[in-house]
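Each remark here refers to the structure printed beneath this line.
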Amino acid sequence: MRPPYLLLCAALLAATPLPQSAATLKLPRMPSPEFVPSVSAGVPLSGAEIRIQLQSLLPAGTVLVRDVEAPTAGTEAGTETGSEATRGEPHTVAATLGRHPVIDLADSHYAPLRQEFIPVLVDWFEALATSLDTTPAQMRAAGFRTNKVARLMRVFTAVRLHRDHGQDPGMEPAIGWCRILLQQDWGRCLQGETHTFVLVATDRGWFIIDPFTRRMQRLEKDDPRWLVEFVVI
């Protein structure tokens, strides 16, 4: 059973050291999400359809995971040895599964967003940082990883989805995260490093977003710039 939204938000934010001024939190309100027309008409994408879309963009041999714990935390940076040593973010259990990429689906029905809503998601995250008297860069430096950013975006978008519909709509926003081994430099992230990024399904395809720099790139089939290790959606 998914934990209550507010408890989940509190747990995620607790991972970041907050200034004294943030003792009483006043979190920014997520704007009403803009979904694709089929979702607005009450027809979401099934988990099977999401899987087919992702598998069409990822290399052959993609593994579908239903009961594997998503890699939300890793070892301390610099403790990896041998073939598991990576640069970038700390090692996670994704690298121990032996086959890549892996798709971990948490829900049965999903609501893709309009591509134009992605900047709104990043604006909201920046407003969240401001409400905590910090910046996205400072949150990242303090250890707040991108998978937590993705979960917060998903939670607050889901809250608006439920409230705007006035009831449980039977679907969750198609917002997740992915772990990638970079084959070339991408902004702050360098070739040979592994990083997690926000992943969003839209009316114009799947987009990879670095919420700390606002960089975004569409996920294309057999893109030589990415080696996708893990997708959680």
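The values are calculated or read from the model by the stated rules, or taken from the named source; none is laboratory data. Owing to the predicted nature of the structure, the values given are computational and were not obtained by experimental measurement. Heads up, the Cβs are rebuilt from the backbone with ideal geometry, glycines too, and the neighbour counts pull from every protein chain shown. We work out accessible area using only protein heavy atoms, side chains counted, and drop any ligands, DNA or RNA first. Shrake-Rupley method; radii C 1.70, N 1.55, O 1.52, S 1.80 Å.
Computing Rg and the Kirkwood Rh from the Cα coordinates of region 113-163 gives a ratio, Rg/Rh, of 0.99.
Each listed q (0.21 Å⁻¹) maps to a log10 I(q)/I(0) for region 167-233 from the Debye sum over equal C-alpha point scatterers, namely -0.86.
Amide hydrogen proximity for GLU172: with H placed 1.01 Å from N in the peptide plane, the residues at 5 or more positions away or on another chain lying under 5 Å are HIS109, TYR110, ALA111. As a rough guide to protection, the peptides 209-216, 147-154, 32-39 ranked by mean Cβ packing within 10 Å, highest first, stand as 147-154, 209-216, 32-39.
With every protein chain in place and a 1.4 angstrom probe, the accessible-area ranking of PHE207, PHE144, largest first, reads PHE207, PHE144.
For region 109-199, the Kirkwood estimate of the hydrodynamic radius, built from every pair of different alpha carbons, is 14.6 Å.
At the residue level, GLU49 shows approximately 80 square angstrom of accessible surface with a 1.4 angstrom probe and all protein chains present. Under a 5 Å amide H cut-off, with hydrogens placed 1.01 Å from N, GLU229 pairs with ARG179, ILE180, LEU181 among residues at least 5 apart or on other chains. In order along region 170-175, the Karplus-derived 3J(HN,Hα) couplings, from 6.51 cos²θ - 1.76 cosθ + 1.60 at θ = phi - 60°, round to x, 8, 10, x, 7, 10 Hz, and Gly and Pro are given as x.
Between amide H atoms placed 1.01 Å from N, distances below 5 Å from GLY192 occur with LEU182, GLN183, GLN184, all of them 5 or more places distant or on a separate chain. A dipole drawn for region 170-232 from +1 and -1 charges on Cβ atoms has a positive end, and of THR202, THR213, TRP226 the residue lying farthest that way is THR213. Here region 170-232 has 45 percent of its accessible surface on carbon and sulfur atoms, given a 1.4 Å probe and all protein chains in place. The residues of region 160-212 present an accessible area of 35 Å² per residue when probed at 1.4 Å with all protein chains retained.
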